[in-house]
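See below for the structure under consideration.
Computed from the coordinates by the stated procedures, all read-outs in this text should not be read as laboratory data. This is a predicted model, so every value here is computed, not measured. Here the Cβ positions follow ideal geometry from the backbone for every residue, glycine too, while neighbour counts run over all protein chains shown.
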Amino acid sequence: MCEALSVLGHTANDNDLVALTSISASTLNKMDAEALSNRGASVLAAANTKKTELATLQVTQANIDELDDALQAFNSAKASPRTSTAERAAHTQSLASLIRETSGILKNQIDPLVNLFRRTNADFVAGYRSARVVVDRAATRAAAAPSTPIPPTP
């Protein structure tokens, strides 16, 4: 489509259209996502404006629609990391309340149910209680002493 638009630009002495379509693959590779999106939107707009002329150069409405779909997919993929970051932040904020809720279920419902097995399965109850003890491994290790270099002997 860009090549066909370039031909139309040269034929009509349309310098703006020639400049829009005159780009190399290496230049496209150097563009950031926003510049690529803007260039694609400009090419799409030019193609929609010159549909009749493009038809004579074997560029169909299906080709234009394909570019439009690709541009929309690119723009949604471009926004995807920002959306993921926002979703992670929301999940992180809700984590504290979910932990409180889960701890409440353990303390108020499951712990009392496990105690019912004290007489019939004491090993199970002992294993459960030791599994419920939170071990802070980072706090139990001693910090490594800073090493001091030994001066060389003369």
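A few notes on this one:
- Extension gain for residue 15 to residue 109 (0.36 nm times residue separation, less C-alpha to C-alpha distance): 26.2 nm.
- Cα-centred dipole magnitude for the chain, charges only on beta-carbon of K, R (+1) and D, E (-1), debye, nearest 20: 1420
- The sum of -39500 (n - 2.57) across all DSSP H runs of n ≥ 4, divided by the residue count of the chain, sets its helix-only mean residue ellipticity at 222 nm to -22500 deg cm²/dmol.
- Counting Cα-Cα pairs of the range 2-81 in 5 Å increments starting at 0 gives whole-percent bin shares of 3, 15, 25, 24, 19, 10, 4, 1, 0.
- Residue-span extension gain [residue 76 to residue 52] - 0.36 nm each, minus C-alpha spacing: 5.7 nm
- Relative to the longest principal axis of the Cα atoms of the chain, the long axis of helix 122-132 makes an angle of roughly 50 degrees.
- Anchor residue 30: lysines whose Cα lies under 24 Å away (excluding residues fewer than 8 positions away in-chain): 78
- The mean sequence distance of close C-alpha pairs (under 8 Å, at least 6 residues apart), as a share of the length of the chain, puts its relative contact order at 16 percent.
- Within the range 87-133, all pairs of alpha-carbon atoms sorted by distance into 5 Å bins from zero give the percentages 5, 20, 20, 17, 12, 10, 8, 5, 3, 0.
- Förster radius 35 Å - calculated FRET efficiency between residue 84 and residue 63, Cβ distance, rounded to 0.05: 0.60
- Length added when fully stretched, residue 131-residue 28, from 0.36 nm per residue minus Cα-Cα: 31.4 nm
- Hydrodynamic radius of the chain per Kirkwood, over alpha carbon pairs, in Å: 23.0
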